[in-house]
2 protein chains.
Amino acid sequence: MNFNEELRDIKNYSAGKPIELVVREFGIDAKDVIKLASNENPYGSSPKVIDALKQICNKIHLYPDDSMYKLKEGLSKRFGVLDSNIIIGAGSDQILEFIVRAKSNKNSKVLMAKTTFAMYEIYAKAVGTKILKTISDTHNLDEFLEIYNNEKDIKIIFLCLPNNPLGESIEKNKVYKFLENIDNDTLVVIDGAYQEYAAFKDKDMKINPSDIIKKFPNTIYLGTFSKAYGLGGMRVGYGIAQNDIISTLMKLRPPFNITTLSLEAAVEALKDGAFVQNSIKNNFLQMKRYEKFASDLNINFIPSYTNFITFLLKNDKNSTCIADSLLKKGIIIRDLKTYGLNAVRITVGTKEENSKFFSIFSIIYNAG
Amino acid sequence: MNFNEELRDIKNYSAGKPIELVVREFGIDAKDVIKLASNENPYGSSPKVIDALKQICNKIHLYPDDSMYKLKEGLSKRFGVLDSNIIIGAGSDQILEFIVRAKSNKNSKVLMAKTTFAMYEIYAKAVGTKILKTISDTHNLDEFLEIYNNEKDIKIIFLCLPNNPLGESIEKNKVYKFLENIDNDTLVVIDGAYQEYAAFKDKDMKINPSDIIKKFPNTIYLGTFSKAYGLGGMRVGYGIAQNDIISTLMKLRPPFNITTLSLEAAVEALKDGAFVQNSIKNNFLQMKRYEKFASDLNINFIPSYTNFITFLLKNDKNSTCIADSLLKKGIIIRDLKTYGLNAVRITVGTKEENSKFFSIFSIIYNAG
């Protein structure tokens, strides 16, 4: 059977391996597997969320409130924007998909950093858009601007701040200066999936959604409940933008794109700010151990504004071999070879998980 | 800001009103609201599913197993097909979206019954495909074939069996005869969202996925956990087709399109066949009451192979007024005016819910 030609070259996203797979493939007991591969919150999720879900497990036969009244109410209070400035997606991923489908096509181009969140490229390819990337792996706004000025028909610019999978971020003032040079009809995506972490580490990195969309009506801010809020498995993200952008993206939103339990989880998670702040505080305490660990082994790393850290390996080490050896010991991390880098990305885990990682990684690294 | 032109005419799906909205708008206590609008299973979901979910509520920070190993294993056993013949979607809706985006575009056409599941048209419009419909409201395969033979470039045919929102179905033998006339490069979607009900009521209506995809490699069968399995709020559906179709649709599947809890719920729901069969048995016992009720009031109805019934109102009654009046009394049903019909669709509820519906509907109907 023939299909639309733009699908021909699409490769699927390669997700972090789930614990179940390691159990199945290597026969390791699930309780001995440590997953430091998908930047989930190692402290789980708020106990208040878990309690709330247990209360409504008997309502799962009912479709969710498709207006998402309560969640939009919570987000609009949190961010000081109107309901009409908010769209909810099955993860911020889904909003990325709406954006690409609404704003770009075979005749247009999108611009992103060389090494950034893989879904930008995957969604763009699915609509046949031309993909432009900077030369530098991490975000370099001068390069973004040079490409933008030299090319026509760039309809979307993706800024991942902080950037996944590398961890760097950019100060708000520099982002604002950059945005002054961008045309009104180019949509700039500020992907803030890890913004809670960046804002905690350095307030100059903090990007305020209501402020940025007011100053630059051609921006959309994306946030997620998958990281600091501890709801990776529930698939809830949000987009904040001016009404004309939101109302258009809403046309591509399928009904009931959030499950009944996911909606409840997100509403409750928003209320437990203490859990989020504690998770982030612990994250950066543990991050210090990773930085010292890397320095001790003479491994280069990118200072991270997130809940993961990227080790850039030297030529005599192979990221794929190291990740595979760790996997056989029940430790799942992310090999960045698929991004063209001899590097590994490690989610910062709990104190115990990190200690185990350090001891096993050292042995493998020194042997390899 | 400018967006892709094909979005201009898209109207959003109008979902059944949730109980929360009726509570908010009319100040009716949630326990007094009866929702007979979205064809959810009125008997809830299997207690085994609910127990299983409570056990893993503390895992919601973890992304789901994106290979969906266990669920595919369960479905492949159930239907006698390979893992590679199965795709899982956030509801079968999402698979419809993949199908439309993979197989049709601005230069092609899709064919469907005049009055059928609204998402076929909404997804098709989003890619700018030309939409062709039969003249008859219910499925008439002679009309389908006539249009198919007279038109070029029909890339997708949607058969909703049984049909939502009207309730009719078509015997397997007639479907097979129809399929013999369809070209290999036209994808025929057999939307079996309510097939469990049809198969129970009349075995001649039963369409077996493994059989149909073997005989007709240009078909895809869609099933859902939202109806008979009682998981409307969890958003899990599946598609069964030959490998070339599935592997192409998989390119459009976003990673983690099913939540961690939804995956678990579907796996457990598949195991509790007794719950499903009981729900269906009770459904048709209650359906008899609706048929008698309609006959007594001299209301025409379409014999239904589903868990809902459609009342076709005479000209002196107005479906919108009746639905609105019921809403104010806390009973949510579906007005079919948006489908161009002076009709209402009522989900068959529990015995108590139906009794309450009969008594309130009678008063409103006789007064209106």
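The values are calculated or read from the model by the stated rules, or taken from the named source; none is laboratory data. All values reported here derive from a predicted model rather than from experimental measurement. Every residue, glycine as well, gets a Cβ built from its backbone with ideal geometry; the counts of neighbours run over all protein chains shown. The area values use the complete protein model at the heavy-atom level, side chains included, leaving out ligands, DNA and RNA. Shrake-Rupley method; radii C 1.70, N 1.55, O 1.52, S 1.80 Å.
For the reader, a short list of remarks on this structure follows.
- Within this structure, A:Leu53 passes the test of being in contact (Cβ under 8 Å) with a residue 12 or more places away in the chain and at the interface with chain B (Cβ under 10 Å from one of its Cβ atoms).
- The selection criterion, being part of a loop (DSSP other than H, G, I, E, B) and open to solvent by 10 Å² or more (accessible area, probe 1.4 Å), holds for B:Lys106.
- Test: A:Ile322 is within 20 Å of A:Ser226 (Cα to Cα) and aliphatic (A, V, I, L, M): no
- Residue match in the range B:71-91 (condition: under 17 Å from B:Asn257 (Cα atoms), surrounded by fewer than 22 Cβ atoms within 10 Å (Cβ to Cβ) and at the interface with chain A (Cβ under 9 Å from one of its Cβ atoms)): no
- Flag not set for B:Phe275, criterion: touching a residue at least 60 places away in the same chain (Cβ under 8 Å) and either within 8 Å of chain A (Cβ to nearest Cβ) or among the β-branched types (Val, Ile, Thr) (or both).
- The numbered conditions (1) touching a residue at least 60 places away in the same chain (Cβ under 8 Å); (2) open to solvent by less than 10 Å² (accessible area, probe 1.4 Å); (3) farther than 24 Å from B:Phe311 by Cβ are all true for B:Val127 except (2).
- Only one of A:Phe301, A:Phe361 that is outside any loop (DSSP other than H, G, I, E, B), open to solvent by less than 40 Å² (accessible area, probe 1.4 Å) and farther than 24 Å from A:Gln277 by Cα: A:Phe361
Residues checked against (1) in contact (Cβ under 8 Å) with a residue 60 or more places away in the chain; (2) in a loop (DSSP other than H, G, I, E, B); (3) facing chain A (nearest Cβ under 7 Å):
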position: B:Glu6; (1), (2), (3): yes, no, no
position: B:Asp9; (1), (2), (3): yes, yes, no
position: B:Val22; (1), (2), (3): yes, no, no
position: B:Lys31; (1), (2), (3): no, no, no
position: B:Ser38; (1), (2), (3): yes, yes, yes
position: B:Gly44; (1), (2), (3): yes, yes, yes
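- Residues being open to solvent by less than 10 Å² (accessible area, probe 1.4 Å) and in contact (Cβ under 8 Å) with a residue 60 or more places away in the chain - total across the range A:193-232: 15
Results for (1) in a loop (DSSP other than H, G, I, E, B); (2) touching a strand residue (DSSP E or B) at 6+ places or on another chain (Cβ under 6 Å); (3) under 16 Å from A:Leu252 (Cβ atoms); (4) assigned by TED's automatic domain parsing to the domain that holds B:Asn218, shown as yes or no for each residue.
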site: B:Arg78; (1), (2), (3), (4): no, no, no, yes
site: B:Ile88; (1), (2), (3), (4): no, yes, no, yes
site: B:Gln94; (1), (2), (3), (4): no, no, yes, yes
site: B:Val100; (1), (2), (3), (4): no, no, yes, yes
site: B:Val110; (1), (2), (3), (4): no, yes, no, yes
site: B:Thr116; (1), (2), (3), (4): yes, yes, no, yes
site: B:Glu121; (1), (2), (3), (4): no, yes, yes, yes
site: B:Lys125; (1), (2), (3), (4): no, no, yes, yes
site: B:Gly128; (1), (2), (3), (4): yes, no, yes, yes
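- From the list A:Leu263, A:Leu252, the one residue that fits, being in a helix (DSSP H, G or I) and either touching a residue at least 12 places away in the same chain (Cβ under 8 Å) or within 27 Å of A:Thr116 (Cβ to Cβ) (or both), is A:Leu263.
- Selection status of B:Lys48, touching a residue at least 60 places away in the same chain (Cβ under 8 Å), out of contact with any Phe, Trp or Tyr (no Cβ under 7 Å at 6 or more places or on another chain), in a helix (DSSP H, G or I) and surrounded by fewer than 18 Cβ atoms within 10 Å (Cβ to Cβ): yes
- In the condition set (1) buried (at least 22 other Cβ atoms within 10 Å of the Cβ); (2) assigned to a helix (DSSP H, G or I), B:Ser295 is compliant with all but (1).
- Any chance B:Lys114 is under 30 Å from B:Asn149 (Cα atoms), surrounded by fewer than 19 Cβ atoms within 10 Å (Cβ to Cβ) and in contact with a Gly (Cβ under 6 Å, 6 or more places away or on another chain): no
- Yes/no for B:Leu159 being touching a strand residue (DSSP E or B) at 6+ places or on another chain (Cβ under 8 Å), surrounded by 24 or more Cβ atoms within 10 Å (Cβ to Cβ) and not in a loop (DSSP other than H, G, I, E, B): yes
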